[in-house]
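Here is the structure we will look at, set down as structure tokens.
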Amino acid sequence: MKNELLTGTIGTAVSAVGTATQTNEMLQTISLVITIIGGLITFIIVPLVSWYQRAKKDGKIDTNEAKEGAKIIIEGSQEIKNQVEEQKKGK
């Protein structure tokens with residue numbers, strides 16, 4: 001009886017530790033996803049919408065304006081990559 005109780009207690013403790021570890025990993029994953037979404041909004045979507053509104057004022061988007069839009073996407077992607085790498089270092 002005591003052996004079964006000890007085995008059950010150890011099993012419960014191992015299960016609790018496993019659950020806590022999984023919860024921590026889940027929270028880290030959620031945090032990473034939120035960082036990526038926030039970066040997309042901050043560094044790509046908002047600047048791209050502003051760029052589009054400015055570029056469309058004359059009714060067309062010329063080559064220089066298209067290059068500016070591409071630059072926004074490239075720089076925004078790099079900034080998101082930097083943020084994700086910084087967050088991974090913090091783990």
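The values are calculated or read from the model by the stated rules, or taken from the named source; none is laboratory data. Remember, predicted model here, so these are calculated numbers, not experimental data. All Cβ positions, even for glycine, are placed from backbone atoms using ideal geometry, and neighbour counts span all protein chains on display.
Which residues, counting only those in region 32-62, are surrounded by fewer than 13 Cβ atoms within 10 Å (Cβ to Cβ), more than 13 Å from residue 76 (Cα to Cα) and within 14 Å of the chain's Cα centre (by Cα)?
33, 34
Would it be correct to say that residue 78 is exposed (fewer than 14 other Cβ atoms within 10 Å of the Cβ), on the phi < 0 side of the Ramachandran plot, at pLDDT below 95 and under 14 Å from the mean Cα position of the chain (by Cα)?
yes
Applying the selection to region 45-91, what residues are basic (Lys, Arg) and more than 30 Å from residue 27 (Cβ to Cβ)?
If the condition is that a residue be basic (Lys, Arg) and more than 30 Å from residue 27 (Cβ to Cβ), then 54, 56, 57, 60, 67, 71 are the ones that fit.
Within the group 61, 41, 45, which residue is at pLDDT 80 or above and not in a helix (DSSP H, G or I)?
Within the list 61, 41, 45, the selection yields 61.
Restricting to region 78-89, count the residues that are closer than 10 Å to residue 43 by Cβ and touching a helix residue (DSSP H, G or I) at 6+ places or on another chain (Cβ under 7 Å).
3
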